[in-house]
Amino acid sequence: MIQFKGNEDLSHVYLLCRFDTCVLIDPSHSYDDIIHQMGEKTLSGILLTHAHMDHIDLIGSFDVPIYMHADDAHLLFEDQYNGYAPKNHPYKRKNLDLHYVSQGDKIPLADHMIDVYHTPGHTKGSLSFLYEGKLFTGDTLFKESVGRHDLYSGNLPELRKSVLTLLSLPSNIKIYPGHDDVTTVRYEQKNNPFYIKWMKQKVK
């Protein structure tokens, strides 16, 4: 797994490879670096955690299937909501090979599978992906924090449910969020103030 670090304006990009096959998670920047790191390997798909501009800018640069949740599909093209406005999104609908996935689906990576979790709250169609003990959470869950729920199609009760679901996974799973630092399920169970508060509310 290779991480192309983002900044305040762009998410991290993740490249997962198995043998000679790779997938990209949230390709928003570093096109040349991605191509260099892939070398002779083949890109078989793009996985989108959600459709905000800081996660999707390069989706039109690769001729591969794009896996995303149907509830975020319209957001790719509504620039007043996805963050592109006053500019326009740089890709064309007719060039995108969209494949809709949701809770419980599996996306192939060579002879292995990537598990799909529907984790709404930041957006209605937010997804998280689990592969080989690595959980890619987009803007749903961060180290000691959670994603915003006050943007278009965000929802606090859904975010709460999604975070509680993700942090019920095995404690040794590593969490790779869309921004900020890598963490683990165990660390977040002990240190994430949102999780701790929501668990207390759940117990009452």
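Read the figures in this text as sums done on the coordinates, not as results from a lab. Please read all numbers here as calculations on a predicted model, not as lab measurements. Cβ atoms come from the backbone with ideal geometry, glycine included; neighbour counts cover every protein chain shown.
A few comments on the model shown:
- Our helix-only sum for the chain, with -39,500 (n - 2.57) per DSSP H run of n ≥ 4 divided by its residues, gives a mean residue ellipticity at 222 nm of -5500 deg cm²/dmol.
- Selection among 138, 29, 14 by position relative to the dipole of the chain gives 138 as farthest towards the positive end (Cβ unit charges, Cα centre).
- For segment 1-125, the share of DSSP beta bridges that are antiparallel, to the nearest 5, is 50%.
- Taking the C-alpha atoms of segment 2-203, convex hull volume expressed per residue in Å³: 110 Å³
- Each residue of segment 89-100 was assigned a 3J(HN,Hα) from its phi angle through the Karplus expression (A = 6.51, B = -1.76, C = 1.60, θ = phi - 60°), giving 4, x, 10, 10, 4, 5, 8, 9, 9, 7, 10, 8 Hz with x at Gly and Pro.
- Database remark: amide H of residue 43 closer than 5 angstrom to the amide H of 22 (H placed geometrically; neighbours at sequence offset of 5 or more, or on other chains; Pro and chain starts carry no H).
- Straight-distance crosslink candidates among lysines, where the alpha carbon sits under 27 Å from residue 94 and sequence neighbours closer than 8 are dropped: 41, 106, 124
- For residue 99, the residues whose amide H sits under 5 Å from its own are 66, 67, 68, ignoring neighbours fewer than 5 places away on the same chain, with H placed 1.01 Å from N.
- Coil-residue trypsin sites (Lys or Arg not before Pro) of segment 86-121, DSSP, other Cβ within 10 Å capped at 13: 87, 92
- Dipole magnitude for segment 2-203: about 800 debye, using +1 per Lys or Arg Cβ and -1 per Asp or Glu Cβ, origin at the Cα centre.
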